[in-house]
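Data block below; observations after.
The values are calculated or read from the model by the stated rules, or taken from the named source; none is laboratory data. Keep in mind it's a predicted model, so treat the numbers as computed, not measured. Note: ideal-geometry Cβ built from the backbone for every residue, glycine included; neighbour counts use all protein chains shown. Just the protein is used for accessible areas: all its heavy atoms, side chains included, with ligands, DNA and RNA removed. Shrake-Rupley method; radii C 1.70, N 1.55, O 1.52, S 1.80 Å.
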Amino acid sequence: MIIIGEKINGTRKRVGEAVINRDGDFIRDLALRQFQNSASYLDINAGGLPQREPEDMAWLVQTVQQAVPDATLCLDSPNHRALRAGIEKAARTPMLNSLSAEQFRIDGVLPLACEFGTELILLPLDDNGIPATAEARLAVVRRLVEMTRKGGIPDEKLFVDPLVMAISTGIENGNITLETCRRIREEFPKVHLTCGLSNISFGMPLRPLLNQAFLVLALQAGMDSAILDPESRELREMMMAAETLLGKDRHCMNFNRAFRAGKIGPVKTS
Ligand code: THG
């Protein structure tokens, strides 16, 4: 599974403060820890006021790349100015999070993705909001993929996010997301599927447990990436167990290796 580390997000209180105070040590530590815990991409969300966002994004990108020059970033903003500011400071072409069918993103984000040939997260929502059914989300994905293909972006560079909404606000929200995954997998076999995993558990007790269970279900539905906390040991254990059981780990090699390295199983105290 392709892991996108979620922790450098300015809407989290401690991170928002670090951005305002330009606390580089705090941000570099978050970057390094996620990278060392197998995050292939680091999500970078500057949060804060729109006027400051391009400058904050540029600072975050620069700061993160000092700590992990080999990490690929996933710039998380609806604001094309912030995305461009981040792209210009990035060591390698970042992923953009995200393009939706909202007109301002079609006008702002799509041209940037085409100009720089970036990987791109697609969100199936438009100016009318988030469609309630899998079929309606698929209709938006079809419109978006038509646009990205026209712009010369190959399907392999797309990460479609089926949109995860809290199970506490609708008992079918898990099923709608999983059904959307299966339909996208069928119709667009070359795209990746990713999601903000922990959205599922907002407003519930035992959030980590619900996130773990949903990760297993999502993997079964064809999800091959997720935005999550790479430092969660329980989540890593569940992910590696499910991948092995679904035949995605040849000779069970990753599972055995992770066990021997102490990355899953009992914490080794030496
Ligand atoms: N889809 C896409 N992008 C997204 C989301 C999505 N980006 C933002 C978000 N959703 C995913 N990122 C986060 C980041 C942090 C948390 C949840 C989702 C979070 N943090 C807790 C906190 O701050 O208290 C706990 C984590 C911690 O402290 O370690 O919940 O859906 N495309």
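Residues of the range 160-174 with an amide N closer than 18 Å to a point placed 7 Å from the Cα of residue 213 along the Cα-to-Cβ direction: 164-174. Take every pair of alpha-carbon atoms less than 8 Å apart whose residues are at least six positions apart; their mean separation over the length of the chain yields a relative contact order of 15 percent.
Potential lengthening of the chain between residue 127 and residue 23 amounts to 33.8 nm, from the contour at 0.36 nm per residue minus the alpha-carbon distance. Springs between alpha-carbon atoms under 10 Å, Gaussian network over the chain: tell me which of 258, 71, 58 tops the mean-square fluctuations. Looking only at 258, 71, 58, the largest GNM fluctuation is found for 258.
With all projection directions averaged, the alpha carbon convex hull of the range 176-242 covers 4.5 nm².
The charge dipole of the chain, taken about its Cα centre with unit charges on the Cβ atoms of Lys, Arg (+1), Asp and Glu (-1) only, comes to about 640 debye. For residue 63, the shell of other residues with beta-carbons less than 10 Å away shows a net charge of +1, using +1 for Lys and Arg and -1 for Asp and Glu. Is it possible to state the helix-based mean residue ellipticity at 222 nm for the chain, with each DSSP H run of 4+ residues giving -39500 (n - 2.57), the sum divided by total residues, to the nearest 500 deg cm²/dmol? What is it? Rounded to the nearest 500, the figure is -15000 deg cm²/dmol. Where q = 0.12 Å⁻¹, what log10 of I(q)/I(0) comes from the Debye formula for the range 93-171, counting one point per Cα? Evaluating at q = 0.12 Å⁻¹ gives log10 I(q)/I(0) of -0.33. Residue 135 sits with roughly 90 Å² accessible to a 1.4 Å probe, with DNA, RNA and ligands left out of the calculation. Averaging 1/r over every pair of different alpha carbons in the range 1-84 and inverting the result gives a Kirkwood radius of 12.4 Å. Secondary structure note: in the chain, about 5% of the DSSP beta bridges are antiparallel. When the Gaussian network model of the chain links Cα atoms closer than 10 Å, the mean-square fluctuations of 210, 120, 219 top out at 210. Accessible surface of the chain, 1.4 Å probe: 54 percent of it comes from carbon and sulfur atoms. Per residue, the convex hull spanned by the alpha carbons of the chain comes to 136 Å³. Computed over the alpha carbons of the range 117-260, Rg followed by Dmax gives 15.8, 50 Å.
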